[in-house]
Structures are given as structure tokens and as C-alpha cells.
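The values are calculated or read from the model by the stated rules, or taken from the named source; none is laboratory data. As the structure is a computational prediction, the values presented were derived from the model and not from experiment. No Cβ is skipped: glycine too gets one built from the backbone with ideal geometry, and neighbour counts run over all protein chains shown. Only protein heavy atoms, including side chains, enter the accessible area calculation; ligands, DNA and RNA are left aside. Shrake-Rupley method; radii C 1.70, N 1.55, O 1.52, S 1.80 Å.
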Amino acid sequence: MQNIIDELSWRGLIKNKVPGIENQLRKPTTMYIGFDPTSDSLHLGSLLPIIMLIHFQKKGHKSIGLIGVATGLIGDPSERKNKRIFLSKKVLQKNTESIKNQILRLLNFYSEKIELLNNFDWIQNITFIDFIREIGKYFPINYMISKDSVKKRINNKKNGISFTEFSYSLIQGYDFLYLNRVKNCELQIGGSDQWGNITTGIELIRKKTGKKAYGITFPLIIKPNGVKFGKSDKEKNIWLDKKKTSPYKFYQFWMNISDIEIEKYIKIYTFFSKEKIENLIFEHRSYPNKRLLQRELANKITEWVHGNKISKKMIEITNVLFEKINKPFQLLDDRMFISIYNHIPHMLISCEEFEKGIFLLDLLKKSGFFSSKSEANRALKANSIHLNQILVKENILIQKENIIGKKYILLQFGKKEFFIIKIE
């Protein structure tokens, strides 16, 4: 048990920790991590708390997942520049059911039976007067405004912090106190943006009970633009729900991680042993063009999130589109064409529309690759467009001989963007 800190450290899963946690974790310890249901799906960043729950459970500790319906009604001000839009109880309830099912499915993949709780079950029974008398009295305003999540918003004259969001840290702190009393929970874990909220709970437990409690944070997963993966960035997020992010896009995200980042991600997002990961990294560095680490991670994490059947389809489609493995694209069977059409960006064109005549630039604009035909034309002149994996240099009229598999046309922009059209 004492080795879990070493395990998490070499994987890059510890950002901050309360002194003395190593000794505490020499014995079985109950820990918890919270999930606010402010969206109907978890995302790539949400996998880290689930991974932490699994690591602790595997090492003999007791893990608790807390779905924060009560805190979701308020909204965490951490890492936010603007006020949150409040969600209705009905929406939060729907979100709760959705992410609860996702969490259970992800845990079941590793056969981990982890307790899931809902903080609304105990928060709803506390009156406002009781809360500010019994909890609020322990926290001077000076302490509250020293928190980074509060300080940044107070200094923002245009979008200051409301009393509602200001109180978020106290409610999360109360959750920790409640779980400490009822479940003997001594450790809270969260992303690095939760450090202030976690230490509030630790302080509350110390002042109310005299007991020692602990906290650990893990680093946030950051996009190339420096912004964390979160529920607020709806357009560019990588969601776990296949309706919000297709399995193809999900798989390609991992395949396109840089060689520098992939060595970090293979440690964070898998449960491979240290020896196996070191061997994979060595082999990857020896033959980087094979993208071994990207393949290993894309295969494993897609299988975890979307299942073995879909993972195998993504491997097959990737091999056809990017590696040109097996048959030439033009000679694929119906099953493979259908699979590609169902999983990559696509569009249906009627036979009547096709027979009227359609030029390549029109197809490119319809595909959404480009906002205008002039932009598409510049890509064409730059030798960036392929039709059925064949380079095209001019704006041709699409003919019947350009149709493959009896009713498909494949467009490619650059090395990574694909779009398939079905004509029927």
C-alpha cells in the first residue's frame, strides 16, 4: 500500500499532496473524488479521476465516487473567467443519470466495484441558517478570498464572483466533512484546480473534529492551445459519449498526439506496468515512424471507452485510410465501405443531384473542409486534395468513373482529414 504514491508519481499523476500522506497510505484508507453533472457526458479530462479511483481500489484502499448534484446547482468558479449559467434540477438529474452510467461502465471494464454517492442526499437536509452557523463560522472572509479561484474573479471587474459561486468551496468542504464522519473518508483527490476546495475541507475537518485529513491533486490535461479539457469548451472537447465525439474522432485524437506528449500520456491513461511502458517507449524511440505508443494508447483507451468491437473497427478504418493496408481503397468490400461511411465525417447526395453535375470544389465546400470555394481552390492548387486517395490538381467535374464501391467518393484534405460521400 505504501507504494501507491511512488506508483502515481512516476506516472505523473500527482501535482500537490498534503504532507504526511505517505504514512497515511501505509494502511487502508478511504478516499473520494467528485464529479459535477454540469454536462450529460464525461470528457477526456474526466478519465483521470476515474483512473485515480481504480488505482486506489487496486492497491487495497476504498474508493468512493461522488456525483455532485448539489454543487452542480451552484457551479465551481475554479478556472472560470465568467459566471456560470445555472442548470435546472431537471437537467442536472438527466446529466447525473448519464454520467453515472458512464462511470459504472468504465469501472466495470476493470471489474472494480466502487461506491457511487450523490451529495444532494445530505445537502438537501441542511437549512441555510444551520449551514452558515455551523460551517460558515469557521472560515474568515480573508481566508476565502485568498483562494485562487475566488481571487481571480474578484479582480475581474466585468465578471465578478457571485455569493452563490463564492460559497461553492464551503459546500465541497462540507462534503468532505460528511464523508469523513459517515464513511471514515480521510483523503480527497481532484484536479489541480481543486486544491483550494480540497484544503477547505481539510481545514473544516480539523476545526470541527480535530482529525487530520489529506488531499492529493493530479495535473490537468491541457490542449495544445493551453486550455484544459473541460465541459465548457463544447466544440473542441473530446467527449466520451459517441454522439458528441465520434469513436473515429476519439481514436484519431490519440493517434495524433505528438511523440513528446505520448510518452506522458501512456503512463497516465493506461494501467500497463512500469516495465511494459519502459519497453514500449524504448521501442517507440527506436522506430518513431511506426507510432507504436500512439497505436497502443489509441487501441487500449478506445476499447475501454467504446468497447472492443468499435475499437477493432477504428483500427481497421485507420489502416485503410492512413496505412493503405490490405486491399486498395477502390477494391474494398461493401462491409468496409459501410463501416467507413458510418464512422468518419460523411454526407449523402441523391442520384438526381449528382446527375445534374457537380464539381470537385462544390463537393469540398459541401464537406465542410472549407468555408468557401476560393479557399478550397487554394488547397487544390497547393496539392492538398486527394480524390479516392489519388492526388487531384484541378477542379474536375465528378463523373461516374469517380464513384467507387458502386456509390462512394472519398475526399482527403492534407494528411489527416477525410470525408466520404454516398450517392443513392
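Some points to look at:
- Restricting region 320-344 to residues that are open to solvent by 80 Å² or more (accessible area, probe 1.4 Å) and assigned to a loop (DSSP other than H, G, I, E, B), the residue that is modelled with the highest pLDDT: Lys324
- When every residue of region 352-369 is checked against the conditions, none turns out to be among the charged types (D, E, K, R), in contact with an Asp or Glu (Cβ under 7 Å, 6 or more places away or on another chain), in a loop (DSSP other than H, G, I, E, B) and over 30 Å from Arg295 (Cβ atoms).
- Here region 376-398 is the region considered, the condition is being in contact with a Leu (Cβ under 9 Å, 6 or more places away or on another chain) and not in a loop (DSSP other than H, G, I, E, B), and the residue that is most open to solvent (accessible area, probe 1.4 Å) is Leu397.
- Enumerated helices (runs of 4 or more DSSP H) restricted to region 1-109, each holding at least 3 residues that are aliphatic (A, V, I, L, M): 4-10, 47-58, 69-74, 89-109
- Failed item, numbered, when Ile277 is tested on (1) open to solvent by less than 60 Å² (accessible area, probe 1.4 Å); (2) touching a residue at least 40 places away in the same chain (Cβ under 8 Å); (3) farther than 22 Å from Asn101 by Cα: (2)
Residue by residue, here is whether (1) surrounded by fewer than 20 Cβ atoms within 10 Å (Cβ to Cβ); (2) in contact with a Leu (Cβ under 9 Å, 6 or more places away or on another chain); (3) farther than 18 Å from Thr217 by Cβ holds:
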{"site": "Asp6", "(1), (2), (3)": "yes, no, no"}
{"site": "Arg11", "(1), (2), (3)": "no, no, no"}
{"site": "Ile21", "(1), (2), (3)": "yes, yes, no"}
{"site": "Thr29", "(1), (2), (3)": "no, yes, no"}
{"site": "Ser41", "(1), (2), (3)": "yes, yes, yes"}
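- Residue within region 86-98 that is open to solvent by less than 40 Å² (accessible area, probe 1.4 Å) and touching a Phe, Trp or Tyr at 6+ places or on another chain (Cβ under 6 Å) present: no
- Residues within region 1-35 that are of a type in the set (S, T, N, Q), within 14 Å of Glu186 (Cβ to Cβ) and either touching a Pro at 6+ places or on another chain (Cβ under 8 Å) or without any contact (Cβ under 8 Å) to a residue 60 or more places away in the chain (or both), tallied: 1
- Subset of region 187-204 [crowded, with 21+ Cβ neighbours inside 10 Å and over 27 Å from the mean Cα position of the chain (by Cα)]: Ile202, Leu204
- The single condition from (1) modelled with pLDDT of 95 or more; (2) open to solvent by less than 10 Å² (accessible area, probe 1.4 Å); (3) touching a Gly at 6+ places or on another chain (Cβ under 8 Å) that Gly68 fails is (1).
- Number of the condition not met by Met347 [criteria: (1) within 19 Å of Phe418 (Cβ to Cβ); (2) touching a residue at least 12 places away in the same chain (Cβ under 8 Å); (3) assigned to a helix (DSSP H, G or I)]: (3)
- Residues being under 23 Å from Asn118 (Cβ atoms) and in contact with a Pro (Cβ under 6 Å, 6 or more places away or on another chain) - total across region 144-167: 1
- Qualifying residue in region 289-302 (condition: exposed (fewer than 15 other Cβ atoms within 10 Å of the Cβ), small (Gly, Ala, Ser), modelled with pLDDT of 95 or more and in a helix (DSSP H, G or I)): no
- Inclusion of Ile317 among residues that are under 34 Å from the mean Cα position of the chain (by Cα), under 28 Å from Thr245 (Cα atoms) and open to solvent by less than 30 Å² (accessible area, probe 1.4 Å) is warranted.
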